[in-house]
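The values are calculated or read from the model by the stated rules, or taken from the named source; none is laboratory data. Small disclaimer: the values here were computed from a predicted structure and weren't measured. Here the Cβ positions follow ideal geometry from the backbone for every residue, glycine too, while neighbour counts run over all protein chains shown. Accessible surface is based on the protein model in full, side chains and every heavy atom, while ligands, DNA and RNA are left aside. Shrake-Rupley method; radii C 1.70, N 1.55, O 1.52, S 1.80 Å.
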Amino acid sequence: MNAQVGINTSDPKATLDIKGNPTLTTQTDGLLPPRISRSQLIHKTGYGTDQKGVILYVTDLSGTNNSQTINVTSTGHYYFDGSFWNKLNKNLETTYETVTLSRGNQTLSVRDADKIVGFTLISSLNSLLPSSGKMSGTWMINDERGVIRAYIQTLEHPYIKFLAVSVQIDNMANRINFTNYTSRYWTINQNVPQNNLTNDGINYQLGKIVIIRKE
């Protein structure tokens, strides 16, 4: 038994090898996957882990989405990842998710950590004394997901203030780790920062993180 199948060829080079006929102008070449409406797809209940990689073409947007078809928002080719239908060749969009943070070192569970391309840290209002406002800063990251030492700072005369924290994005575990908080404030005419807010995790804190994804 030949484990490789050829269409229009007697010498297949892969599991399935389809050769077109480019010189025959009256013959249409191509691979045509199943074509069904979104409503028909919604009513199909047999898709699971064994169907990972299945491809089809959604012809219209009839019906109300269920959990598996939540991403089917336009007509076109879709593949099944074992849980959801996702569009092929999707144009990546930038999305923003704001999450409130607690005090001190913490681990934040997130979705799709591998799609995170940056984040904005925002301090809690009046969390750095003396303070009359918030501090924020944005970091864009690449595929290197080591520990990022993030600083947010502000100048509110007569004070200079900053807060630092180590941020690590764990793609495999879908989480963000925050460790090694440090904060300082000092007046502009002081040479040495005041230390009474250092590493106590009580008198200062991050307020929020805005997670930036390409998805």
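Assorted remarks:
- In plain terms, the C-alpha convex hull of the stretch 61-101 casts an average shadow of 4.4 nm² when viewed from every direction.
- Largest accessible area first, the listed residues VAL54, VAL72 line up as VAL54, VAL72 when surface is computed with a 1.4 Å probe on the assembled protein chains.
- Note on THR187 and SER109: the model spin-label points, each 7 Å out from Cα along the C-beta direction, lie 4.8 nm apart.
- Compared with the rule-of-thumb size 2.2 N^0.38 Å for a compact globular protein, the chain has a Cα radius of gyration ratio of 1.57.
- For ALA164 and ASN86, the FRET efficiency from 1/(1 + (r/R0)^6), where r spans their Cβ atoms and R0 equals 45 Å, is about 0.75.
- Computed over the stretch 13-74: relative contact order in percent, which uses C-alpha pairs under 8 Å that are six or more apart: 33
- Each label point was placed 7 Å from the Cα along the Cα-to-Cβ direction; for VAL99 and GLN27 their separation is 5.5 nm.
- Whole-angstrom gap from the stretch 141-172 to the stretch 90-112, using each part's C-alpha centre: 15
- Just the protein heavy atoms count here, and of the accessible area of the chain at 1.4 Å, carbon and sulfur take up 49 percent.
- Mean separation of Cα contacts under 8 Å, 6 or more apart, over the residue count of the chain: relative contact order %: 18
- Debye equation applied to the C-alpha atoms of the stretch 1-110, log10 I(q)/I(0) at 0.12, 0.13, 0.24 Å⁻¹: -0.67, -0.74, -1.22
- Residues of the chain: accessible area per residue with a 1.4 Å probe, Å²: 62
- Accessible surface of LEU155 - all protein chains present, 1.4 Å probe, nearest 10 Å²: 110
- Put MET140, MET172 in order of accessible area, highest first, and with a 1.4 Å probe you get MET172, MET140.
- nm² value of the averaged projected area, convex hull over the Cα atoms of the stretch 25-75: 4.6
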